[in-house]
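Presented below is the structure to which this report refers.
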Amino acid sequence: MNLESQVRPYPTRRSLLRTAATAAIAAPLLSACVTGGKKDDGEAVAGGEKTADNPLGVKADAPLEVVVFKGGYGDEYAVKAEAQYTAKYPQAKVDHKGLQKVGEAIQPRFVAGNPPDVVDNTGAGRLDIATLVAANQVSDLAALLDAPAFDEPGRKVRDTLLPGVVEDGTFAGTTVALNFTYTVWGLWYSKPFFAEKGWAYPQTWADMLALCATIKKTGVAPWTYQGKYPEYINDPLLSMAAKTGGLDLIKAVDNLQPNAWKQDGLVQAATAFAELAGQGYIMSGSEALSHTEAQAAWCQRKAAFIPSGSWLESEQKGVAPAGFDMVMGAVPSLTASDKQPFAAVQAASSESFLVPAKAKNPAGGQEYLRILFSKASAKAFAEANSTLPAVAGATDGLTLSSGLGSVRDAVTAAGSGTFTYRFRTWYAPLAKAVDDATGELVNKRISPADWSTRIQKAADALAKDSTVQKYTR
Amino acid sequence: MRHGRWRFLLGALVPALVLHVVFVLSPYAQAFYLSLTDWTGVAGEAHFVGAGNYARLGGDSLFLDAVRNNAVMLVVVPVATIALGLGLASLLRTRRGSAGYQIVYFFPQLLSLVVIAVLWGFVYNPNTGLLNSGLRAVGLGGLTKSWLADPAFALAAVMAVLIWSSVGFYVVLFRAAIDAIPAELYEAALIDGAGSWTTFRRITVPLVRESVQVAFVYLGIAALDGFAVVQVMTVGPGGPDGATEVIGLSLYRNAFTYGKFGYASAMGVALFFATLTLAVLALRAGRNDRLELA
């Protein structure tokens, strides 16, 4: 052993400096933690002057940072909008980030108080929007909604959006997010397959059951669903209930009213799906299939119907054989006294864009969204991605594929009859309870009465929980 | 350059220690603090709520499901893995070509747990999976199940994957321990007329006891986790209806889906103490009757 070094237990000057340097590098990492003490709040850029050409008062030379989800739709559409922004404000430096894990990247920046100016909070790793709202991390977009639309003079941004888009981003009366794509839920089938077999899409549940009996005799399973994720079969069930009970039923559910899940409409819809399962109309094994497996089986004509949202067609690109020509139909009506017509569809917007409350350039962020939500930008998006954007009339004049065409027709036929439940975004734990219960229901392990009782119990527990921020509509 | 050694040691140690403190110890300490707050994961501040998060754990039925499932896994996975590992290792002692087998048994260890879960997901597919197709092929079609979607079998299916993926490693570990046993003991047993079962029970098992103990700790920790396989493979995930829920999954869901980082931290701290207790108990057990070989 080196004796000299042992009698000198003091750190040398150099190692001390080295430690200090390492600590200095590590310190900013720690200060990004919530336990790291006081945050610097970041100073927002003072806004520019508001003019007719610049209704949001953008400061022309303020830099803009945009973070978008680069998933199935890519991020080309966002880059195009940024190019337009730079064309209008040549002095502004635009920083673009197209990411797959948006949540991971922006969560520490929210905590540290230096978020980007625009965030597309989408994808599997997105942050829970209700949590962001409760933490006051998102800003009010009212000024943007009331500003004139970018390429439709005389109309406000608010009036260019499809029904429900503004409501989808509204929490406790404040609109904090704008969703760029429009999703419609329904039942999908192959039009040529049905024509070949002489099957007609049923408008009532009685017709559906009769058709299922016919289909089953041909050796094809009438239904399949993405069993690994029971929320897929929830959608038609809840749509059916919403048609029977109307908006009042949906509001009671979303507002966590006592016995909301015991309303007739919901119990009847649960009974209908229990019967579908009980008659053996669901392809056996569906309950364990992932969405890709179930949808592949459906594309191989092993099952006639599958429930899904309007993303199905682009998801099945390369899987669906040529000439499969899938189309979406509205969920059949359960009773003759339904409060909403057969054409009513569950529709909601997604791909949510927000401007963080602590953004450095909030006016620029809103201006960017005004450009992104212009008709021209939305049209280019629809053309590139065969997906319905949230801007009305964006698909006018475009030649649409069979699936997207059927979705647009469904939206047109529904008119003002689109509806959506908000509890899934407001109360994620309740959504989980509903999914679990429905999975059990369609596997015949619980009765429709048990289904409504156990969901009601979860809803009651949530209503009583004072730590959860509540919303009403 | 005699004193250069001290400087070198410090220079090598300090960065590693600093990294350890920043990325391991500090997050642990912060998790303890966060478990006493209502932090949402995105808020700039966290409010102190005392032991409230821990009190909620007892009333969270999904968390209780997770505790029950982890407890079952804690018993079944180590016992089955060690039994299989020890059995195979002692068979390898007496068989020719054992090196080849040893490599084959080790294969699963080379795959990421996520890959294993995805592959087994295909095996368990009720319509086209290897397992059900195999059963039908040998005329046992009546035994086919929707393995991962049937609450009675889902957890067993998950445990089978965990056992399959870890047995190989313990075969190698026990094989090394068995190789360290002096051959004279086996020869003496053979001369005394002991059969292979008696040799296994009276010589092999007592002399690899310490390896078994270590294996028990590692496997116990793996059984208290199980997150990756459950998250990738099961219905829901964690289903059907909580049948395969594990603590790690509850923690993940509360933190990243529900934005309840404070509550999730409380789960993490509870899991930390469970793991610590397990390790201490397993290492204490049988410490007194340690066998020493000359």
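The values are calculated or read from the model by the stated rules, or taken from the named source; none is laboratory data. This one's a predicted model, so the numbers in the text were calculated from it and none came from an experiment. Cβ coordinates were reconstructed from backbone atoms using ideal geometry, including for glycine residues, and neighbour counts include every protein chain displayed. Each accessible area value is taken on the protein alone, full model and side chains, heavy atoms only, with ligands, DNA and RNA left out. Shrake-Rupley method; radii C 1.70, N 1.55, O 1.52, S 1.80 Å.
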Take the residues of the range B:12-31 that are surrounded by 11 or more Cβ atoms within 10 Å (Cβ to Cβ) and of a type in the set (Val, Ile, Thr): which is farthest from the other protein chains (Cβ to nearest Cβ)?
B:Val21
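Report, by residue number, each residue of the range A:188-214 that is open to solvent by less than 50 Å² (accessible area, probe 1.4 Å) and in contact with a Ser or Thr (Cβ under 6 Å, 6 or more places away or on another chain). Let's see the steps before the verdict.
Within the range A:188-214, the subset open to solvent by less than 50 Å² (accessible area, probe 1.4 Å) is A:188-190, A:192-194, A:199, A:201-202, A:205, A:208-209, A:211-213.
A:Trp188, the sole residue that qualifies.
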Looking for something buried (at least 22 other Cβ atoms within 10 Å of the Cβ) and assigned to a helix (DSSP H, G or I) - is there at least one such residue anywhere in the range A:279-286?
yes
Output yes when any residue across the range A:180-187 is assigned to a helix (DSSP H, G or I) and buried (at least 17 other Cβ atoms within 10 Å of the Cβ), and no when none is.
no
Which pairs do you get when a residue that is closer than 18 Å to B:Ala80 by Cβ, found in the range B:196-218, comes within reach of a residue that is open to solvent by 50 Å² or more (accessible area, probe 1.4 Å) and part of a helix (DSSP H, G or I), reach meaning Cβ atoms under 7 angstrom, with the pair 6+ apart or on two chains?
B:Ser211/B:Leu173; B:Gln213/B:Leu283; B:Ala215/B:Leu173; B:Val217/B:Leu283
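Across the range A:426-473, which residue is most open to solvent (accessible area, probe 1.4 Å) among those that are in a loop (DSSP other than H, G, I, E, B) and closer than 22 Å to B:Gly238 by Cα? Even if it seems obvious, please write down each step before you answer.
The initial filter retains those residues of the range A:426-473 that are in a loop (DSSP other than H, G, I, E, B), namely A:427, A:442-447, A:465-473.
Imposing the further condition that a residue be closer than 22 Å to B:Gly238 by Cα reduces the set to A:427, A:442-447.
On the way: A:Tyr427: 3, A:Val442: 8, A:Asn443: 38, A:Lys444: 131, A:Arg445: 88, A:Ile446: 31, A:Ser447: 46 Å².
Going through the qualifying residues, I end up with A:Lys444.
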Only residues that are open to solvent by 20 Å² or more (accessible area, probe 1.4 Å) and either assigned by TED's automatic domain parsing to the domain that holds A:Ser314 or in contact with a Leu (Cβ under 6 Å, 6 or more places away or on another chain) (or both): list them for the range A:71-106, please.
A:Val94, A:Ala105
Looking only at the range A:120-142, filter to residues that are within 15 Å of A:Glu167 (Cα to Cα) and in a loop (DSSP other than H, G, I, E, B); which one of those is most open to solvent (accessible area, probe 1.4 Å)?
A:Asp140
Look through the range B:84-104, keep the residues that are among the hydroxyl-bearing types (Ser, Thr, Tyr) and closer than 14 Å to B:Ala176 by Cβ, and return whichever of them is surrounded by the most Cβ atoms within 10 Å (Cβ to Cβ).
B:Ser90
Conditions (1) within 14 Å of another protein chain (Cβ to nearest Cβ); (2) in contact with a helix residue (DSSP H, G or I) (Cβ under 6 Å, 6 or more places away or on another chain); (3) open to solvent by less than 40 Å² (accessible area, probe 1.4 Å): number failed by B:Asn125:
(2)
Which number in (1) over 18 Å from B:Val230 (Cβ atoms); (2) away from every other protein chain (no Cβ under 14 Å); (3) in contact (Cβ under 8 Å) with a residue 12 or more places away in the chain; (4) open to solvent by 50 Å² or more (accessible area, probe 1.4 Å) marks the one condition that B:Leu110 misses?
(3)
Matching residues in the range B:37-52 - criterion: being in contact with an Asp or Glu (Cβ under 9 Å, 6 or more places away or on another chain), loosely packed, with under 14 Cβ neighbours inside 10 Å and either at the interface with another protein chain (Cβ under 8 Å from one of its Cβ atoms) or in a loop (DSSP other than H, G, I, E, B) (or both):
B:His47
Residues of the range A:138-176 satisfying the condition of being within 18 Å of A:Gly365 (Cβ to Cβ) and touching a Lys or Arg at 6+ places or on another chain (Cβ under 7 Å)
A:Leu144, A:Leu145, A:Asp146, A:Ala147, A:Pro148, A:Ala149, A:Phe150, A:Val157, A:Val166
Restricting attention to the range A:199-234, and to residues there that are outside any helix (DSSP H, G or I) and free of Cβ contacts under 8 Å to residues at least 12 places away in the same chain, which single residue is farthest from the other protein chains (Cβ to nearest Cβ)?
A:Ala200
Pick from the range B:140-193, criterion charged (D, E, K, R) and under 26 Å from B:Val232 (Cβ atoms), ranking: farthest from the chain's Cα centre (by Cα)
B:Lys145
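Would you list the helices (runs of 4 or more DSSP H) that sit entirely within the range B:100-179 and hold 1 or more residues that are of a type in the set (Val, Ile, Thr)? If you could, list the steps in order and put the result at the bottom.
Working: elements: B:113-123, B:130-137, B:154-179.
Correct list: B:113-123, B:154-179.
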Starting from residues that are without any contact (Cβ under 8 Å) to a residue 24 or more places away in the chain and touching a His at 6+ places or on another chain (Cβ under 8 Å), keep the ones in the range A:69-115 and report whichever is nearest to the other protein chains (Cβ to nearest Cβ).
A:Asp75
Matching residues in the range A:298-310 - criterion: being open to solvent by 10 Å² or more (accessible area, probe 1.4 Å) and within 14 Å of another protein chain (Cβ to nearest Cβ):
A:Gln300, A:Lys302
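Being more than 25 Å from the chain's Cα centre (by Cα) and in a helix (DSSP H, G or I) is true for just one of A:Tyr77, A:Tyr85. Which residue is that?
Working: A:Tyr77 fails: more than 25 Å from the chain's Cα centre (by Cα).
From the options A:Tyr77, A:Tyr85, the qualifying one is A:Tyr85.
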Sole residue being closer than 20 Å to B:Val269 by Cβ, more than 10 Å from chain A (Cβ to nearest Cβ) and under 28 Å from the mean Cα position of the chain (by Cα), chosen from B:Leu34, B:Leu64:
B:Leu64
Can you spot a residue in the range A:311-332 that is of a type outside the set (Val, Ile, Thr), assigned to a loop (DSSP other than H, G, I, E, B), open to solvent by 30 Å² or more (accessible area, probe 1.4 Å) and within 14 Å of chain B (Cβ to nearest Cβ)?
no
Residues that are in a helix (DSSP H, G or I), touching a Leu at 6+ places or on another chain (Cβ under 7 Å) and either among the β-branched types (Val, Ile, Thr) or touching a residue at least 24 places away in the same chain (Cβ under 8 Å) (or both), drawn from the range A:366-385:
A:Gln366, A:Glu367, A:Tyr368, A:Leu369, A:Arg370
